[in-house]
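Some notes on the structure that comes next.
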């Protein structure tokens, strides 16, 4: 279970007049508990929805308040939280850090207490699960965008996190790959929290949060949330 | 379930906001070091202008100085060191697409070994330049408030960073390069100096470019100034 | 650094030439030590005769290692051009003896260096370096971090190459492709943005934290 208690996120912003940096609010204060199997977060660009997602595994730390995952504080037990909460980014190019797929997955497995040979076997098994078995040794830059996103997913899931947070996982993909990734995410046994611009994907969730100007402005069933979000965007336009 | 209060706007409220808490920067540091090392490699591999001494003119020194100015002495020096170590280990990432320890035997050895020191020194000088720019700006604001308004906050950064980069490269790359030429080509100081002078105009241009790019990076990512130590 | 054979090392990006000769099988550290001694000897022993002997040693190593000529010539061409130019200059300035010594010494050193590079896999060399760097873990540089930085470096080169092409296209689309500023600045800003996103991803994967 993920619990946010009175969380406020701030950031430094340079003073355009050249004075000392000011502190500005990015998100909150927000309190919520996420227990649903599938949670979607929607909102305009710059609304704070990515900040909300990044709070969940300690990539962003609250300036005040606490974020707990199964009782672990993201600020104090960051490493333990990140073992529990996998995170998938929009752009796989930033996420894939090794030259070949098998090395990249093996790198994720380094936190497990297994030998190098076992790591290699486990990495190949994880690739096979996502249909990338024959791509294990191909340079990552030679894979297609969709294959790279699958590889990113394989790397994150190789360590079997209990929660998966995805920040716009399909935004860069064509329709076919989008369907592939959506189907894979739908079948996962883990709790999945997904930030998305895809309202169809949001409608398939169990619960949808609408984020606007650093606050959660709607929280509830998908149909009402999407209606609320559509209305919100029309007013802004 | 939720109790998110209705904050109408994201504007700073009257009460003081708590300061941001930064997470450990180790992973970002590793990423920046590797990326700048790769950038130096890409700049080195790009076809350069050949010269008679066997040390072609490339964008390499631009990337080395930029690493120091942007990342600071520690991370900038490490990025450049990583590049040199990987090239010596045999990756063909030195200018002209060569690599391996053979380069140590060539005439460019002095230039190459000076790169990590150049980046580190550019980092030190860059830090002084950025602090100096802040101080100069503050004083020009205090002195003539009316005139100062139209001035961009980073107006002083550019010239001072140019000086920082030039200082670093002329204190490290050129003396070491001349020494390398003397040892490897069996020539005298004036002869090696005559070869080295060929690189000066390009070097000045590259330092002008490195400072301009550094200013743009600090403008795009202001927190790079904060983490730059 | 463990795991499978890394194609980029041995492939188009590496200068390694596979083989099973004595020189191939010699430990990387020994080869580096021999090369260092050779380099000192070349500088210390003067005269054209010794230079020719040194070149003979380097050529012999090349033959023993059975490296085809085209593998070493790539690194050698600039050295040969330089040797020819500096040889001609030294002949004019200091006479033929100095000219032969300087030019032949240069070629001999570069050739033996190329032989060491062609007979030693880069990852073997880096493994040796990582072992040497082990004491550095007390100042925060672990072998794992080094391996991560190397992998990231290799991965980033093609990313930067693609990024610079895209930036050039964007500048061209706006008719700015003749202005270095319109090329360099966006490319560098994108690069830093990419590095920071990569740092986030490393943190999210629990890499780079002790």
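The numbers here are math on the coordinates, done by the rules we state, and not lab data. Here the structure is a predicted model, which means the values were calculated and not measured. Methodologically, a virtual Cβ is constructed for each residue, glycine included, from the backbone with ideal geometry; neighbour enumeration extends over all protein chains shown.
Before moving on, here are some points about what is shown:
- Global geometry of segment A:110-173, whether rounded, prolate or oblate, following the gyration tensor of its Cα atoms and the 1.5 cut on a/c: oblate
- Structure-based [θ]222 nm, the protein assembly as shown - -39500 (n - 2.57) summed over DSSP H runs of at least 4, per residue, nearest 500: -19000 deg cm²/dmol
- On a per residue basis, the convex hull of the C-alpha atoms belonging to the protein assembly as shown measures out at 174 Å³.
- Within 10 Å of the Cβ of each residue in B:173-180, the mean number of Cβ atoms contributed by other protein chains is 0.
- With Cα atoms as the point set, the radius of gyration and Dmax of segment A:141-182 evaluate to 10.7, 31 Å.
- Working ranking of peptides B:157-168, C:180-191 by packing, defined as the average number of other Cβ atoms within 10 Å per residue, highest first, is B:157-168, C:180-191.
- Gyration tensor verdict on segment C:134-204 (Cα atoms; rounded if a/c is under 1.5, prolate if a/b is larger than b/c, oblate otherwise): prolate
- In this simple spin-label model, placing a label point 7 Å from the Cα along the Cα-to-Cβ direction at both residue A:221 and residue A:24 gives a separation of 3.8 nm.
- Segment residue C:30..residue C:60, full-extension length gain: 9.0 nm, with 0.36 nm per residue of separation and the alpha-carbon distance subtracted.
- Annotation: the residues B:34, C:50, A:224, B:95, sorted from fewest to most other C-beta atoms within 10 Å of their own C-beta, follow the order A:224, C:50, B:95, B:34.
- Beta bridges per DSSP with both ends in segment A:97-237, % antiparallel, nearest 5: 50 percent
- As a rough guide to protection, the peptides C:32-44, C:102-114 ranked by mean Cβ packing within 10 Å, highest first, stand as C:102-114, C:32-44.
- Treating r as the C-beta distance of residue A:175 and residue A:35 and R0 as 41 Å, the FRET efficiency rounds to 0.80.
- Kirkwood Rh, angstrom, chain A [1 / mean 1/r, Cα pairs]: 18.8 Å
- Shielding of peptide A:208-221 by partners, expressed as the average count of other chain Cβ atoms within 10 Å per residue Cβ, is 3.
- Per-residue shielding of A:152-165, expressed as the average number of other chain Cβ atoms within 10 Å of the residue Cβ, stands at 1.
- Computed FRET value (nearest 0.05) for residue A:13 with residue B:171, which takes r as the C-beta separation and R₀ as 45 Å: 0.80
- Residues C:81, A:217, C:150, sorted so that the one with the fewest Cβ neighbours within 10 Å comes first: C:81, A:217, C:150
- Highest mean packing first, where packing is the average number of other Cβ atoms within 10 Å per residue, the peptides C:18-28, B:205-215, B:18-28 line up as B:205-215, B:18-28, C:18-28.
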